[in-house]
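Each value in this text was obtained by applying a stated rule to the coordinates, not by laboratory testing. These numbers were taken from a predicted model, which means no experiment stands behind them. Cβ placement follows ideal geometry from the backbone for every residue including glycine, while neighbour counts extend to all protein chains displayed.
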Amino acid sequence: MTYRPDIDGLRAVSILAVLLFHAKFSLFSGGYIGVDVFFVISGYLIGSIVLNDARRGTFSLAGFYVRRIRRILPALFAALAVTAALALALLSPQDLKGFSQNLAATALFSSNIVYYLKAGYFENAAEMNPLLHTWSLGVEQQFYIVFPLIMLALLRHGRSVWIAVMLAGAAASFALAVFLVRDHPVAAFYLLPPRLWELALGALLAFGAVPDLRSRAARELASGLGAALILASVFTLTEATAFPGYAALLPCLGAALVIHAGRTGPTAVGAVLTLRPVVFIGLISYSMYIWHWPLMVFARFYKGRDLSSRETLVLLAMIAAVSVLSWRLIEIPFRKPRGTADRKPAAVFARTGWVMAGLAGFGLLGHLSNGLPQRFTDYAPQDISGREFYREHTCFLETDQPPGEWPGPEKCRIGSLKEEAPTALLWGDSFAAHYVPGLQSVADALPFNIVQYTASGCPPIKDLSVNARPNCEDFNSHVDEIIDRNGIRIVIMAARWEWYMDTNALDFAQLHKTVESLLNQGIRIVVLGQSPVFRFRNPYDHTYFMKSERAYSITGQAADLPLITATQGAQFVDTSDYFCDPDPCKALPLCRIRDDQGFYFLDQGHFSTRGSTLIVQSIQQLLRAQTPDWSYGG
């Protein structure tokens with residue numbers, strides 16, 4: 001196979017997009033599509049290797065897998081070993097247990113499946129997973145297992161049969177991705193079947209399924225359009241985009257056009273991609289991919305917050321240096337056998353198996369030991385109450401539950417029934433549900449009944465589609481009916497507003513329309529603003545390891561400003577005021593996370609029973625305030 005420096009240049013574009021997206025440069029809001037470009041490149045290169053070997057009559061499974069092992073696993077294993085050492089030294093038992101599960105899954109080429117089962121890519125807990133990025137390696141490794149087996153079965157047939165089978169597989173995979181991305185977006189994102197078409201697209205190019213572009217004009221048009229599609233994806237897509245699915249066509253077709261245009265001659269895009277600095281970044285792109293995310297996570301873990309601009313630039317320089325060393329000292333030496341034993345597939349498989357077993361064994365140990373708590377003296381985590389009050393799966397619906405499973409106001413009432421009293425509706429996501437313990441503590445003293453209507457990841461905004469929560473729009477569409485049927489006179493709206501802002505899923509115009517619509521119905525509205533959110537996952541761990549009962553919230557007052565504008569006419573409560581002291585020297589507020597009676601939070605941001613009770617009792621008088629046209633004498 002002839003070396004193509006333009007493909008290394010395309011790799012450079014891919015890794016830079018991913019790197020700048022993960023570094024939180026807002027301009028690169030769709031930088032995650034760099035992974036999709038990688039998939040197309042991988043499919044093309046693997047397809048080319050298999051095709052060339054088949055034409056020479058030298059294709060073998062053992063040879064194929066040995067080449068893949070040499071190309072991918074040494075640098076990956078080194079990164080996993082270093083990351084495991086850092087995790088062992090730095091992570092709390094709870095975090096190490098989770099890390100250990102992920103380590104074992106990564107070593108066994110199944111991390112994407114584990115992440116599908118555990119959580120979503122853009123959630124805060126996932127952001128602090130040092131191995132989150134290995135999901136894409138899991139997809140590729142599974143493809144490497146499946147693809148050569150299919151080709152082996154089809155080897156005696158002609159290229160036209162190969163193309164037909166790949167086309168059918170790609171079409172089925174794309175249809176599955178489009179189907180899943182609406183109702184099962186996490187499955188669509190992580191699993192191989194809905195991603196297969198991206199790799200198959202590259203393989204189809206390698207098999208010659210698309211006629212070569214012989215004229216310079218055609219090549220320039222194709223490569224220019226391809227580059228434009230990739231750049232448009234990087235700068236216009238966001239975390240709120242339904243992805244993959246139709247949106248994934250942009251970067252994948254863009255990559256395919258650039259690759260295909262460069263097969264038969266030079267182009268202007270190709271000239272840029274073959275510049276020596278660009279090609280060099282492409283050469284180190286694999287090492288850069290596997291090292292960048294653990295370094296970013298541990299840097300944020302150490303700081304307890306997002307990095308400043310200066311810190312980010314220093315970290316990017318460190319990532320570049322580590323990537324060059326990894327490429328030069330690990331990738332290059334391991335690509336070629338160094339002795340007779342290294343040339344034997346059985347020896348390569350055996351050594352690989354031992355390393356995989358070692359890493360998976362460490363992961364199993366960390367899991368079964370609950371994160372090796374004996375590493376720390378006097379470590380005694382506490383059970384923090386609060387979540388048990390949510391009434392999960394009934395009054396707080398999970399992601400996969402349709403709104404029809406909400407049991408109704410009688411079963412979702414907070415406190416005892418007050419006859420002839422008006423009713424208030426608590427509406428929002430889990431950051432609304434975390435007020436339930438506090439509302440229960442004052443419910444009997446309030447001049448109204450309270451009904452809980454909450455759903456995971458679903459902000460209280462009508463006609464808003466949230467890609468990661470397929471039932472959300474339908475859930476919120478029932479609010480007017482609930483208000484009409486139950487005489488709702490006050491609505492308490494709450495959510496993790498900053499998360500929807502960060503993922504561009506919060507439509508302020510739609511929020512304004514929602515508030516305006518309720519006000520026009522004579523409804524009194526109380527909007528509870530963004531409560532503090534932290535980098536830690538367990539407040540006890542923070543106090544134990546950081547020796548501090550305060551922590552910087554990752555959300556500042558800026559998160560509330562657009563909310564206040566969008567909810568004019570409602571009563572707005574800045575909930576962070578009750579816990580945080582804005583520091584004029586810092587961009588983010590420093591917040592108290594506990595007092596002598598317990599922790600205010602039960603995880604990275606949800607209020608505990610203590611925190612919920614404190615905030616609700618503090619705003620009790622505001623809640624008791626009545627509009628002129630209704631009153632309750634209880």
**Report entry** Cβ-defined net charge surrounding L518, 11 Å radius [Lys, Arg +1; Asp, Glu -1]
**Finding:** +2
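Counting pairwise Cα distances across region 387-624, what percent come out greater than 21 angstrom?
55 percent
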Query raised in the report: Nearest 20 debye, what's the magnitude of the dipole of region 387-624 about its Cα centre given +1 on Lys and Arg Cβ and -1 on Asp and Glu Cβ?
Result: 460 debye
Requested in this report: Please sort 152-165, 173-186, 465-478 by packing, taking for each peptide the average over its residues of neighbouring beta carbons within 10 angstrom, highest first.
Outcome: 465-478, 173-186, 152-165
Requested in this report: Within 10 Å of each residue's Cβ, count the other Cβ atoms and sort S110, S308 from fewest upward.
Outcome: S308, S110
Report task. Report the charge-dipole magnitude of region 5-369 in Debye, nearest 20, computed about the Cα centre from +1 at each Lys and Arg Cβ and -1 at each Asp and Glu Cβ. Result -> 1120 debye
Query raised in the report: Net charge near D6, counting Lys/Arg +1 and Asp/Glu -1 over other residues with Cβ under 12 Å of its Cβ?
Result: +3
Query raised in the report: How would you rank 269-279, 430-440, highest first, on the average number of other Cβ atoms within 10 Å across their residues?
Result: 430-440, 269-279
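Provide, as a two-decimal number, the C-alpha radius of gyration of region 5-369 over 2.2 N^0.38 Å, N being how many residues it has.
0.97
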Query raised in the report: Suppose every K and R has +1 on its Cβ and every D and E has -1 on its Cβ; what is the size of the dipole of the chain about the Cα centre, in Debye to the nearest 20?
Result: 3420 debye
Report summary line: When E498, E420 are arranged by how many other beta-carbons sit within 10 Å of their Cβ, fewest first, they go E420, E498
Query raised in the report: Of [x] 38; [y] 51; [z] 46, which one was derived for percent of Cα pairs over 35 Å apart from the structure shown?
Result: [z]
Query raised in the report: Say R0 is 35 Å: what FRET efficiency, to the nearest 0.05, do K411 and D574 get from their beta-carbon distance?
Result: 0.60
Query raised in the report: Under 13 Å Cα-Cα from K411, which aspartates and glutamates qualify once same-chain neighbours fewer than 8 residues away are excluded?
Result: E392
Requested in this report: Neighbouring Cβ atoms within 10 Å as the yardstick, rank H606, H542 fewest first.
Outcome: H606, H542
Query raised in the report: Residue by residue through region 533-543, which ³J(HN,Hα) values in whole Hz follow from phi under the Karplus form 6.51 cos²θ - 1.76 cosθ + 1.60 (θ = phi - 60°), with glycine and proline marked x?
Result: 10, 10, 7, 6, 9, 9, x, 4, 4, 5, 5
Query raised in the report: With point charges of +1 on the Cβ of Lys and Arg and -1 on the Cβ of Asp and Glu, referenced to the Cα centre of the chain, which listed residue (P337, Q94, N370) lies farthest in the positive direction of the dipole?
Result: P337
Report task. Highest first, please rank the peptides 6-12, 486-492 by the mean number of other Cβ atoms sitting within 10 Å of their residues. Result -> 6-12, 486-492
Query raised in the report: Taking only DSSP H segments of four or more residues, each worth -39500 (n - 2.57), what value at 222 nm results for the chain once the sum is divided by all its residues, to the nearest 500 deg cm²/dmol?
Result: -17500 deg cm²/dmol
Query raised in the report: What list of ³J(HN,Hα) couplings, whole Hz, do you get for region 511-522 from phi and the Karplus terms 6.51, -1.76, 1.60, once you set θ to phi - 60° and write x for glycine and proline?
Result: 4, 4, 4, 4, 5, 4, 4, 5, 4, 5, 8, x
Query - ³J(HN,Hα) computed for each position of region 376-388 - Karplus, 6.51 cos²θ - 1.76 cosθ + 1.60, integer Hz, glycine/proline x - result: 10, 7, 6, 7, 9, x, 9, 7, 9, 7, x, 5, 5
Query - Cα lying deepest toward the dipole's positive end in the chain, options L45, M356, A570, charges on Cβ - result: L45
Query raised in the report: Along the charge dipole of region 500-625, which of H512, G605, I554 sits closest to the positive end, that is, farthest toward it, with unit charges on the beta carbon of Lys, Arg, Asp and Glu (+1, +1, -1, -1)?
Result: G605
Query - Cut-off under 5 Å, modelled amide H: who pairs with I525 long-range - result: V491, Q571
Query raised in the report: For K336, which lysines qualify as cross-link partners when the Cα separation must be under 24 Å and same-chain residues fewer than eight apart are set aside?
Result: K344
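Do the alpha carbons of any pairs in K118/K513; K24/K303; K97/K303 sit beyond 23 Å of each other, and which pairs? List each step's numbers first, then the result.
On the way: K118/K513 35 Å; K24/K303 16 Å; K97/K303 21 Å.
From K118/K513; K24/K303; K97/K303, over 23 Å: K118/K513.
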